[in-house]
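Undergrad: Below you will find the structure I want to go over with you.
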Amino acid sequence: MLALCETETQAAADNFRQAMRHLASGVSIITAGTGADRSGFTATSVVSLSVYPPRLLVSIDERSATWPLIELNGGFTANLLSSGQKHLAEVFAGRTGLHGAERFVGSEWREYLYAGFALEGALATVHCRLEEVIERHGHRLVIGEVLGSRTLVAGALVYIGGRFTAL
Ligand SMILES: Cc1cc2nc3c(=O)[nH]c(=O)nc-3n(C[C@H](O)[C@H](O)[C@H](O)COP(=O)(O)O)c2cc1C
C-alpha cells in the first residue's frame, strides 16, 4: 500500500513537472548581500503579489545560498532579464559551476545597500525590503515590500519547455 502511494506521489510529481514545462515564465536573477559578500540565483517563481500596495513574491529553495543573505540584510533585488542575457541566466542557475560573488564577474552591477544588486541592461529591476516569510515544503515564500523599480525598453528572456528563449 505504501509503495503504491509512493508510486502515485512520484507519478503526480512527474506529471506536474511536465505540465509546468508548458508555463512560459519571465526569467529573473534575485540578488542579495553587501560588497563581496553577495549571492544571486536564477528564478522563475517571481510574482507580482499586489500593486496597491506594491509587493513582490518569490519562492526560494531553503538550500539556496542567497536566502541567508536576504534574511541577514533584510532585502533583495529582482532583476528581470532581457533577451540578450541568457548567459547570465545559465551562470546564476549554477550551470557554469560558479558560486556566490564569482557569478557577478564580467557584468555591471549597482549595489542598493541591504537590498541587493541591480544588473545593468536588465529589463526591469525591483528593489525590496523583506516584509514576510512563509515556510512551506522546503521553500521560503518571500514577500518583498517594493522600495523602488526601474525599467528599460528591450526584449524579454523567457523559460519554456526547459529552454531559455529570447522574445
Ligand atoms: C529556469 C530556472 C528557474 C529557477 N527558478 C528558481 C526559483 O524560482 N527559486 C529557486 O529557489 N531556485 C530556482 N532555480 C534554481 C536556482 O537557480 C539554482 O538552484 C541556483 O544554482 C541556486 O544558487 P545557489 O547554488 O547559489 O544556491 C531555477 C533554475 C532555473 C534553471
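Read the figures in this text as sums done on the coordinates, not as results from a lab. All figures in this text were calculated on a predicted structure; none of them were measured in a lab. Methodologically, a virtual Cβ is constructed for each residue, glycine included, from the backbone with ideal geometry; neighbour enumeration extends over all protein chains shown.
Undergrad: If you check 106, 121, which single one turns out to be more than 15 Å from the ligand (Cβ to nearest atom), surrounded by 13 or more Cβ atoms within 10 Å (Cβ to Cβ) and free of Cβ contacts under 8 Å to residues at least 40 places away in the same chain?
TA: Only one candidate qualifies: 121.
Undergrad: Please determine whether any residue of the stretch 120-133 is in a loop (DSSP other than H, G, I, E, B) and hydrophobic (A, V, I, L, M, F, W, C).
TA: Yes - at least one qualifying residue is present in the stretch 120-133.
Undergrad: Is one or more of the residues making up the stretch 139-162 hydrophobic (A, V, I, L, M, F, W, C), over 22 Å from residue 25 (Cβ atoms) and part of a strand (DSSP E or B)?
TA: Scanning the stretch 139-162, I find at least one residue that is hydrophobic (A, V, I, L, M, F, W, C), over 22 Å from residue 25 (Cβ atoms) and part of a strand (DSSP E or B), so the answer is yes.
Undergrad: Pairs under 6 Å by beta carbon, first residue part of a helix (DSSP H, G or I) in the stretch 83-94, partner of a type in the set (Val, Ile, Thr) and surrounded by 15 or more Cβ atoms within 10 Å (Cβ to Cβ), six or more apart or different chains?
TA: Going by the 6 Å Cβ cut-off, the qualifying pairs are 89/27; 89/42; 92/29; 92/42.
Undergrad: For residue 84, work out the one condition from (1) touching a Gly at 6+ places or on another chain (Cβ under 8 Å); (2) surrounded by 14 or more Cβ atoms within 10 Å (Cβ to Cβ); (3) among the small types (Gly, Ala, Ser); (4) more than 17 Å from residue 46 (Cβ to Cβ) it doesn't fulfil.
TA: (2)
Undergrad: Filtering the stretch 9-32 down to residues that are assigned to a strand (DSSP E or B) and in contact with a helix residue (DSSP H, G or I) (Cβ under 6 Å, 6 or more places away or on another chain), which residue is nearest to the ligand (Cβ to nearest atom)?
TA: So, considering only residues that are assigned to a strand (DSSP E or B) and in contact with a helix residue (DSSP H, G or I) (Cβ under 6 Å, 6 or more places away or on another chain), the one nearest to the ligand (Cβ to nearest atom) is 29.
Undergrad: I'm trying to understand the selection: among the residues of the stretch 69-97, which are within 14 Å of the ligand (Cβ to nearest atom) and of a type in the set (Ser, Thr, Tyr)?
TA: Answer for the stretch 69-97, where residues must be within 14 Å of the ligand (Cβ to nearest atom) and of a type in the set (Ser, Thr, Tyr): just 96.
Undergrad: Continuing with this model, one more query. Name the residue that is surrounded by the fewest Cβ atoms within 10 Å (Cβ to Cβ), counting only residues in the stretch 33-68 that are near the ligand (Cβ under 6 Å from one of its atoms) and assigned to a strand (DSSP E or B).
TA: 61
Undergrad: Moving to a separate point now. Kindly provide the set of residues from the stretch 69-81 that are surrounded by fewer than 16 Cβ atoms within 10 Å (Cβ to Cβ) and part of a loop (DSSP other than H, G, I, E, B), ordered by number.
TA: Scanning the stretch 69-81 gives a single hit, 74.
Undergrad: Could you list, ordered by first residue, the pairs with Cβ atoms under 8 Å in which the first is in the stretch 145-163 and among the small types (Gly, Ala, Ser) and the second is part of a strand (DSSP E or B) and surrounded by fewer than 15 Cβ atoms within 10 Å (Cβ to Cβ), at least 6 apart or interchain?
TA: Between residues of the stretch 145-163 that are among the small types (Gly, Ala, Ser) and residues that are part of a strand (DSSP E or B) and surrounded by fewer than 15 Cβ atoms within 10 Å (Cβ to Cβ), the close pairs are 155/166; 156/166.
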